[in-house]
Amino acid sequence: MKIGVVTFPGTLDDRDAARAVRYAGSEAIELWHDDADLKGVDAVILPGGFSYGDYLRCGAISRFSPVMEPLIAAAKGGMPLLGICNGFQVLAEAHLIPGALTRNQHLHFLCTDQKIRIENNTTAWTSSFSEGQELVIPLKNGEGSYQCDDETLKMLEGEGRIIARYVGENPNGSRNLIAGISNERGNIVGLMPHPEHAVDALTGPGTDGLGFFTSVLKTMVSGGMK
Amino acid sequence: MATIVVDVMLKPEILDPQGKAVASALPRLGFSFATDVRQGKRFEITVEGEPTAAQLAEVEIAAEKLLSNPVIENFTVRVEK
């Protein structure tokens, strides 16, 4: 299985994301923001960092990169797409998922090992987990407060599209403790904390993050998201 | 040359922690006038000559597509003499 990892200027976590992909048993394919070609990959990860220096708004300029055009089309066609942190912001700016990520409520950049709970294990990126499973993975962001209008929030709750929630105190002011959401089909997932930093006990709080990367492999082997 | 100004503000219902931080810093400096502060962005776009109606219409589209995120922000477009 080939999983593309996009590098924008200012991306930081592409190598960790590629490593996580390999640990989970897939092949990681480097994709460059300026290439309008997905190199035949089966799924794509938009990793974390500060693409285009977070100028204008986080993800606002990356969203118009050449690679985004075929990526948006493929994801709308059902290809699994995971946006982590800055990648989540890019997904929101591209309107592939509803809502927006805004400045942390307390205004500080945060970097911590965060407990989250899997709320929906039927998406392309969460099927390896059990519902209600708690994980500890790093959370590091300045603009990670998930915001949307009341109607959207009700829709996300009603359709089970909140795929993960923070456990304990709200770390950044996200509505309803949202750590991650999916699109209606469940192939596109945006996640604020970083599973790719929790795939090896040597360099992370554990290996809880690996499940996101094994999930997509499982999804693809079983024929993708219907 | 003329300047087209685009002001972008968070929608009223969206929490603005930066504005709140400014609002709480003002009294520390002895300023007691503010009951609330909202922080936004201002873009000054320079064009040749007087802006045409077509140009202003394009700026509106650019403001909606790129300069603002309509999910959380409102914008206004005006010409500055």
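When A:GLY132 is evaluated against the numbered criteria (1) more than 11 Å from every other protein chain (Cβ to nearest Cβ); (2) under 17 Å from the mean Cα position of the chain (by Cα), which criterion, by number, is the only one it fails?
Looking at each condition in turn, A:GLY132 falls short on (2).
Name the residues in the stretch B:24-57 that are surrounded by 13 or more Cβ atoms within 10 Å (Cβ to Cβ) and assigned to a helix (DSSP H, G or I), would you?
Hits for the stretch B:24-57 are B:GLN55, B:LEU56.
Could you run through the stretch A:84-107 and say how many residues are surrounded by fewer than 16 Cβ atoms within 10 Å (Cβ to Cβ) and in contact (Cβ under 8 Å) with a residue 24 or more places away in the chain?
Number of matching residues: 1.
Could you count how many residues in the stretch A:209-226 are in a loop (DSSP other than H, G, I, E, B) and either under 15 Å from the mean Cα position of the chain (by Cα) or on the phi > 0 side of the Ramachandran plot (or both)?
Adding up the residues that qualify gives 3.
Does the stretch B:3-13 include one or more residues that are outside any strand (DSSP E or B), more than 14 Å from chain A (Cβ to nearest Cβ) and at pLDDT 95 or above?
no
Scan the stretch A:34-55 for residues that are at pLDDT 95 or above and among the aliphatic types (A, V, I, L, M) and jot them down.
A:LEU38, A:VAL41, A:ALA43, A:VAL44, A:ILE45, A:LEU46
Out of contact with any His (no Cβ under 9 Å at 6 or more places or on another chain), polar (S, T, N, Q) and within 14 Å of chain B (Cβ to nearest Cβ): which single residue out of A:SER145, A:SER182 fits that description?
A:SER145
Can you name the residue in the stretch B:47-81 that is within 14 Å of chain A (Cβ to nearest Cβ), of a type in the set (Val, Ile, Thr) and within 17 Å of B:ILE14 (Cβ to Cβ) and is also farthest from the chain's Cα centre (by Cα) among such residues? Spell out how you get there, then give the answer.
Within the stretch B:47-81, the subset within 14 Å of chain A (Cβ to nearest Cβ) is B:61-75.
Checking which are of a type in the set (Val, Ile, Thr) leaves us with B:61, B:71-72.
Then drop every residue that is not within 17 Å of B:ILE14 (Cβ to Cβ), which leaves B:71-72.
Numbers: B:VAL71: 15, B:ILE72: 13 Å.
Here the residue is B:VAL71.
Taking A:ILE61 as the residue in question, decide whether it is without any contact (Cβ under 8 Å) to a residue 12 or more places away in the chain and touching a helix residue (DSSP H, G or I) at 6+ places or on another chain (Cβ under 6 Å).
yes
Kindly indicate whether B:ARG42 is closer than 22 Å to A:PHE64 by Cα, in contact (Cβ under 8 Å) with a residue 24 or more places away in the chain and either within 14 Å of chain A (Cβ to nearest Cβ) or not small (Gly, Ala, Ser) (or both).
Answer is yes for this residue.
Look at A:GLY78 and say whether it is under 13 Å from the mean Cα position of the chain (by Cα) and either within 23 Å of A:ILE3 (Cβ to Cβ) or at pLDDT below 95 (or both).
no
Where in the stretch A:77-124 are the strands (runs of 3 or more DSSP E), entirely inside, with at least 2 residues that are in contact with a Cys (Cβ under 8 Å, 6 or more places away or on another chain)?
A:100-102
Would you be able to say whether some residue in the stretch A:137-150 is in contact (Cβ under 8 Å) with a residue 60 or more places away in the chain, within 21 Å of A:SER215 (Cβ to Cβ) and touching a Gly at 6+ places or on another chain (Cβ under 8 Å)?
Scanning the stretch A:137-150 turns up at least one residue that is in contact (Cβ under 8 Å) with a residue 60 or more places away in the chain, within 21 Å of A:SER215 (Cβ to Cβ) and touching a Gly at 6+ places or on another chain (Cβ under 8 Å).
Being buried (at least 24 other Cβ atoms within 10 Å of the Cβ), more than 19 Å from A:PHE109 (Cβ to Cβ) and within 14 Å of another protein chain (Cβ to nearest Cβ) is the filter here, so list the residues in the stretch A:34-62 that pass it.
Once the filter is applied, which keeps residues that are buried (at least 24 other Cβ atoms within 10 Å of the Cβ), more than 19 Å from A:PHE109 (Cβ to Cβ) and within 14 Å of another protein chain (Cβ to nearest Cβ), the stretch A:34-62 yields only A:SER62.
The values are calculated or read from the model by the stated rules, or taken from the named source; none is laboratory data. Computed from a prediction, not measured in an experiment: that's the story for all the values here. Counting neighbours? That spans all protein chains shown, and the Cβs are built from the backbone with ideal geometry, glycine included.
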